[in-house]
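Colleague: So that we are looking at the same thing, I have put the structure below in structure tokens.
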Amino acid sequence: MISLDDRPIVHEFIVLELAIRSLQQDYLKLEGLKMHGFYSRWTDMLLKRLNEAYILQKRQLANKRIRIVRWIKIDAYFSDVIIATAGEDIALRYANQVLKAEVEQLLIQKATSV
């Protein structure tokens, strides 16, 4: 079972993971841009900052014996995240649009503080 204190940490970890995945997928498409050198460097810096936060969150969750097992896409609107804890595995359901909005918000926040 995930305690109420740990739920925000798990949620932040999920958003960080999605942000990193999104940037890595978009990184491959930067080659087609005229200023790909600039955008590649900027994306590298952003990925580095996100990875640092991701590793920190992952360690914090590992110390509490919490880990993400897998993602299950339910349909176009919802996804389940299977989380293993010391006692049991639980599934948390997330709305895809909400996660996308939170990822965009996190990327904007991190990009403006670069």
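Colleague: Quick one: which of 48/73; 29/110; 48/100; 34/73 span more than 25 angstrom between C-alpha atoms? Before the final figure, lay out each step's value.
Modeller: Details: 48/73 28 Å; 29/110 21 Å; 48/100 20 Å; 34/73 35 Å.
Pairs exceeding the cut-off: 48/73; 34/73.
Colleague: Dipole size in debye (nearest 20) for the stretch 28-114 around its Cα centre, Lys and Arg Cβ +1, Asp and Glu Cβ -1? Display every interim value, and only then the final one.
Modeller: On the way: 15 positive and 9 negative charges, 60 e Å.
That gives the stretch 28-114 a dipole magnitude of about 280 debye.
Colleague: Further question on the same structure: Taking Cα extents along the principal axes in Å straight from the coordinates, which label in [x] 51, 32, 19; [y] 46, 30, 28; [z] 70, 26, 21 is the correct one?
Modeller: [x]
Colleague: Turning to a different aspect of this structure: Compute the acute angle (0 to 90°) between the alpha-carbon long axis of helix 96-112 and the principal axis of greatest extent of the alpha-carbon atoms of the chain; round to the nearest 10°.
Modeller: So the helix axis and the longest Cα principal axis differ by about 50 degrees.
Colleague: To the nearest 10 degrees, how steep is helix 7-27 against the longest Cα principal axis of the chain, on a 0 to 90 scale?
Modeller: For 7-27 against the chain, the angle is about 30 degrees.
Colleague: Now for a separate question. Counting Lys and Arg as +1 and Asp and Glu as -1, what is the net charge of the other residues whose Cβ lies under 14 Å from the Cβ of residue 67?
Modeller: On the way: positive: 58, 59, 64, 65, 70; negative: 6, 17, 88, 89.
Spelling it out: positives minus negatives among the neighbours equals +1.
Colleague: Please list the non-local residues whose amide H lies under 5 Å from the amide H of residue 78, H modeled 1.01 Å from N, same-chain partners needing a gap of 5 or more.
Modeller: 96
Colleague: Hey, any idea what % of the chain's accessible area is carbon plus sulfur with a 1.4 Å probe? Intermediate results must be reported in sequence, preceding the final value.
Modeller: Values: 4300 of 7830 Å².
It is 55 percent, rounded to a whole number.
Colleague: Let me ask you something else. Between 98, 81, 40, whose Cα lies farthest towards the positive end of the dipole of the stretch 3-114 when Lys and Arg beta carbons carry +1 and Asp and Glu beta carbons carry -1, centred on the Cα centre?
Modeller: 40
Colleague: Still on this structure, please answer the following. Quick one: net charge of residue 13's neighbours, Cβ under 13 Å, K/R +1, D/E -1? Walk me through the intermediate numbers first.
Modeller: Values: positive: 7, 21, 58, 59, 64, 67; negative: 6, 12, 17, 102.
Result for the neighbourhood of residue 13: +2.
Colleague: A follow-up question, please. Any idea what angle helix 36-63 forms with the longest principal axis of the chain, computed on alpha-carbon atoms, 0 to 90 degrees, nearest 10?
Modeller: Computed tilt is about 20 degrees.
Colleague: What does the accessible area per residue of the chain come to in Å², with a 1.4 Å probe and no ligands, DNA or RNA counted?
Modeller: Accessible area per residue: 69 Å².
Colleague: Need the full-extension length gain, residue 28 to residue 74, defined as separation in residues times 0.36 nm minus the C-alpha distance. One decimal, nm.
Modeller: Residue separation times 0.36 nm, minus the Cα-Cα distance, leaves 13.9 nm.
Colleague: State, as an integer percentage, the relative contact order of the chain based on alpha-carbon contacts under 8 Å between residues 6 or more apart. Present the calculation step by step, with values, prior to reporting the outcome.
Modeller: Working: 105 pairs, mean separation 30.1, N = 114.
Normalised by residue count, the contact order of the chain is 26 percent.
The values are calculated or read from the model by the stated rules, or taken from the named source; none is laboratory data. Remember, predicted model here, so these are calculated numbers, not experimental data. Heads up, the Cβs are rebuilt from the backbone with ideal geometry, glycines too, and the neighbour counts pull from every protein chain shown. Areas reflect the complete protein model, heavy atoms only, side chains present, ligands, DNA and RNA absent. Shrake-Rupley method; radii C 1.70, N 1.55, O 1.52, S 1.80 Å.
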